[in-house]
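The values are calculated or read from the model by the stated rules, or taken from the named source; none is laboratory data. This one's a predicted model, so the numbers in the text were calculated from it and none came from an experiment. Positions of Cβ are generated from backbone atoms using ideal geometry, with glycine treated the same way; all protein chains shown enter the neighbour counts. To get the accessible areas, we keep the full protein, side chains included, count just its heavy atoms, and leave off ligands, DNA and RNA. Shrake-Rupley method; radii C 1.70, N 1.55, O 1.52, S 1.80 Å.
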Amino acid sequence: MNYTIYKKLIQQVTSAKYPGKHLPDAVYVHSSALTALPVELQSLLSDTIQNLALQSFEYQLVKFSKRDFKLSLLAYPDFFTEAFPVLHSSCTIDLMKGRYRLTSYLESKNPPILHRKETMLLAEHPDIPRFQALTQACEQAGLFENPRSIGFKQNWLRLIRRKGYQLVDGQLQQLAQLVEAAEPIAQDTAIHRHKTAIRRYALSKPMQTLMQHDYLNGHYSLFDYGCGQGDDIRELAAHDLQVSGFDPVHQPDISKQAADIVNLGFVLNVIEDPQERLACLREAFKLAQRVLVVSVMLGNAKLLAKFQRFGDGVLTQRNTFQKYYSQGELKAYIESSLGLNAIAVAPGIFYVFRDALDEQVFLNKRFQVRREWRQLTQPTKPIQLKQQQNLFDKHRQLYEYLWEVALDLGRCPVSSELEQTELIRQAFGSLRKAFDRVVNFYGVDVFEQAQQARAEDLRVYLALEKFSGRKPYTHLPESLKRDVKAWFGDYKNAQAKATQLLFAVGNVEQIQAACEQAQELGYLQAHKALTLHRSQVGQLPAILRVYIGCATQLYGDVDSADLIKIHIYSGKVSLMVYDDFANKPLPELQERIKIKLREQAIDFFDYVGEYQPQPLYLKSLYIPPDFPNYEKQHKFDEKLLKTGLFDLSAYGPRRDAFYAALALNKYQVRGFQLVKRRK
């Protein structure tokens, strides 16, 4: 049989009268249903098995590829006994070459699993009603919302847990039902909400994000809904900001007020009544004239296991209620409750904008790189005319100001984007004349670099908008309209460029090539991953900025991390946080966050307390030459390598083994020096 005939048969099988689970790239059919397929396919399968002497390979499913001339025999021995059976082994056959490849999954910790088993059987099979009921339960629980993340065992079990369910005897049951049945807690138990407020000696994390994004610049009013003991309010008021707050326990006499920014900080997670919680969220958003900041406590199954369940949360030892969210769960809750986008800015912290234009301005600025252009105040070429030099000397400040704005925008600014428009017009006659003089004076080459950089920033922003699934807005902010016209001509062309860039992120070859291109910014490990300091992200090629930006959309800003690791093949980004990264030659890992783009999930790993933190060896590989203490770090790393005591090609030795070996060989770490003690 040739490929053309095979392809026509597969197209025929996709009709409703034939059994099989139909995916974009393949059809899966149970062995008991093969007799219902066209005779030609049955003959192809039996002849292939006989010709390749594969009669001893026991299989339950056959996978017919739609995209090439291949089929696979899949061993799922627990197909009928397990709700979501695990793949034990597979035999992939290349029909064109007459070859096969055997793969065993028996030692895999995360093997492939099956869903929707009823689709693979004959319509009259007696187990179909049972399988259909399970599929319907999964759909109602929202487990099939992202089909790309459910094909492997561990991913599937984590998703079930994250959605608040557990598998019991092949059936889905809600965790709350299970735990309450084993350890019933009276629902009228007194909840001590007054004990949830804590004293703060620094701005809370939500307020820190507002400062980071320049919302605490004095131009916006702020209302702290659920301000606790008011530490944030006192600190901000001391800096003459327009701020007030309400708390039902500590500030009950303050009326709830509308403000540009409303902060709902760690409030939703302490309200035990779901209806009251929802009402609180919606009321806070009504007060927010520009943006609502929502923050909660994040948690996982390991943390929940430490407490008794109460309603949809847990009861602490202090009789306070806590509902721990996952990042994805919180985003979904906010968006379904308010009907608007929730933008992750940090773990457990989201912004919700009232106006779509404000949202776009925020996101555009977020992915715009703040570049330090060289020679801002010096021309890049000799001055040829004395008249030019005289004009520059007379209006030096205006030259420098307009040049800086032009480089930041990457185009000629309009009057509304300048604070000194009238002065510029008086000095040069018009804004356009002033711009042309300034570019000619400092150098067209530098300005063209700025143009390319800003065009790339905009392409990254638009690509990430597509990744987020946000619908394109009919109206753009005026500044973005000018940007689009300057670099892409029109919005349609800009969207096409952005789509092309986003699709490239899914191409492993292009990701690998970009990592190799950018390896001087960090450390490329065996062509599998590129690790670099967060300060270098803006210097990466656009495709890698989008790759990391996709992770940012799920997690929030990466500014809290020290190192960022781009996994080339697995579609993951890891963030590493170290203890005093800048000031130690061997900083120790405190936290690792793994963001899985394909599964749209985040895993948090804590390395403090019972764990022995791992030192980071050869730190100079990951930091730029202008990083604090770079020269000292580089010399330290060179001396460490020269000792010949350790294999540092991978992660290096554990902390205790490392320092024990140093002591045994009479070495000691003193600041950024590795010294050998005298005998």
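Is there a residue in the range 259-266 that is closer than 25 Å to GLY164 by Cβ, in contact with a Cys (Cβ under 9 Å, 6 or more places away or on another chain) and not hydrophobic (A, V, I, L, M, F, W, C)? Checking the range 259-266: at least one residue is closer than 25 Å to GLY164 by Cβ, in contact with a Cys (Cβ under 9 Å, 6 or more places away or on another chain) and not hydrophobic (A, V, I, L, M, F, W, C).
Total residues in the range 595-618 satisfying the condition of being in a strand (DSSP E or B), closer than 26 Å to ARG545 by Cα and at pLDDT 90 or above: the figure is 1. Within the range 95-135, the residues that satisfy the criterion of being in a helix (DSSP H, G or I) and either modelled with pLDDT of 85 or more or surrounded by 11 or more Cβ atoms within 10 Å (Cβ to Cβ) (or both) are LYS117, GLU118, THR119, MET120, ILE128, ARG130, PHE131, GLN132, ALA133, LEU134, THR135.
Could you tell me whether ALA494 is over 19 Å from the mean Cα position of the chain (by Cα) and open to solvent by less than 10 Å² (accessible area, probe 1.4 Å)? The answer is yes for ALA494. Among the residues of the range 619-628, those identified as open to solvent by less than 50 Å² (accessible area, probe 1.4 Å) and either modelled with pLDDT under 95 or assigned to a loop (DSSP other than H, G, I, E, B) (or both) are TYR622, ILE623, PRO624, PHE627.
For PHE350, are the conditions met, namely being within 18 Å of the chain's Cα centre (by Cα), more than 13 Å from LEU281 (Cβ to Cβ) and at pLDDT 90 or above? In short, no. Taken together, LEU476, LEU502 contain a single residue that is over 30 Å from PHE627 (Cβ atoms), out of contact with any Ser or Thr (no Cβ under 8 Å at 6 or more places or on another chain) and not in a helix (DSSP H, G or I), which is LEU476. Could you check, for the range 161-168, whether at least one of its residues is among the hydroxyl-bearing types (Ser, Thr, Tyr), outside any loop (DSSP other than H, G, I, E, B) and over 26 Å from THR14 (Cβ atoms)? Checked the range 161-168: at least one residue is among the hydroxyl-bearing types (Ser, Thr, Tyr), outside any loop (DSSP other than H, G, I, E, B) and over 26 Å from THR14 (Cβ atoms). For the range 229-240, the set of residues classified as more than 25 Å from PHE321 (Cα to Cα) and either buried (at least 17 other Cβ atoms within 10 Å of the Cβ) or in contact with a helix residue (DSSP H, G or I) (Cβ under 7 Å, 6 or more places away or on another chain) (or both) consists of GLU235, LEU236, listed by residue number.
Would you check if LEU530 is of a type outside the set (Asp, Glu), in a strand (DSSP E or B) and without any contact (Cβ under 8 Å) to a residue 12 or more places away in the chain? When the stated conditions are applied, LEU530 does not pass them. Every listed requirement among (1) at pLDDT 90 or above; (2) touching a strand residue (DSSP E or B) at 6+ places or on another chain (Cβ under 9 Å) is met by GLN322 save one, (1). Of the numbered criteria (1) buried (at least 18 other Cβ atoms within 10 Å of the Cβ); (2) modelled with pLDDT of 90 or more, the one SER46 fails is (1). Out of curiosity, is GLN517 under 30 Å from ALA332 (Cα atoms) and either open to solvent by 10 Å² or more (accessible area, probe 1.4 Å) or among the charged types (D, E, K, R) (or both)? For GLN517, the condition - under 30 Å from ALA332 (Cα atoms) and either open to solvent by 10 Å² or more (accessible area, probe 1.4 Å) or among the charged types (D, E, K, R) (or both) - is not met. Of the residues making up the range 523-538, those that are within 20 Å of the chain's Cα centre (by Cα) and either more than 20 Å from TYR630 (Cα to Cα) or not basic (Lys, Arg) (or both) number 10.
Scanning the range 397-426 for residues that are more than 18 Å from GLU478 (Cβ to Cβ) and open to solvent by 30 Å² or more (accessible area, probe 1.4 Å) yields a count of 9.
Can we say THR4 is under 29 Å from VAL168 (Cβ atoms) and open to solvent by 50 Å² or more (accessible area, probe 1.4 Å)? The answer is no for THR4. The set of residues from the range 395-417 being at pLDDT 90 or above, not basic (Lys, Arg) and not in a helix (DSSP H, G or I) comprises GLY410, CYS412, PRO413, VAL414. For first residues located in the range 200-222 and part of a helix (DSSP H, G or I), partners that are open to solvent by 30 Å² or more (accessible area, probe 1.4 Å) and lie 6+ apart or on another chain with Cβ distances below 6 Å form the pairs LEU210/LEU216. Restricted to the range 141-160, and to residues there that are outside any strand (DSSP E or B) and of a type in the set (Phe, Trp, Tyr), the residue that is modelled with the lowest pLDDT is PHE144.
Would you say LEU597 is crowded, with 20+ Cβ neighbours inside 10 Å and touching a Leu at 6+ places or on another chain (Cβ under 7 Å)? Considered against the rule, which asks whether it is crowded, with 20+ Cβ neighbours inside 10 Å and touching a Leu at 6+ places or on another chain (Cβ under 7 Å), LEU597 comes out as no.
Residue count for the range 51-77 satisfying the condition of being assigned to a loop (DSSP other than H, G, I, E, B), surrounded by 15 or more Cβ atoms within 10 Å (Cβ to Cβ) and of a type in the set (A, V, I, L, M): 1. Checked against (1) in contact with a Lys or Arg (Cβ under 7 Å, 6 or more places away or on another chain); (2) part of a loop (DSSP other than H, G, I, E, B); (3) within 29 Å of GLY328 (Cβ to Cβ), SER570 meets all criteria but (1).
Reported count of residues in the range 603-659, each being small (Gly, Ala, Ser) and at positive phi, is 3. Scanning the range 254-292 for residues that are of a type in the set (Gly, Ala, Ser) and either assigned to a strand (DSSP E or B) or open to solvent by 40 Å² or more (accessible area, probe 1.4 Å) (or both) gives SER255, ALA258, ALA259, GLY265, ALA279, ALA288.
Selection of first residues in the range 317-343 that are within 15 Å of LEU292 (Cβ to Cβ) and open to solvent by 50 Å² or more (accessible area, probe 1.4 Å) and of second residues that are among the small types (Gly, Ala, Ser) and modelled with pLDDT of 90 or more, restricted to Cβ pairs under 6 Å at least 6 apart or on distinct chains, gives the following pairs, ordered by first then second residue: LYS331/ALA342; GLU335/ALA342. Restricting attention to the range 7-27, the residues that are hydroxyl-bearing (Ser, Thr, Tyr) and open to solvent by 40 Å² or more (accessible area, probe 1.4 Å) add up to 2.
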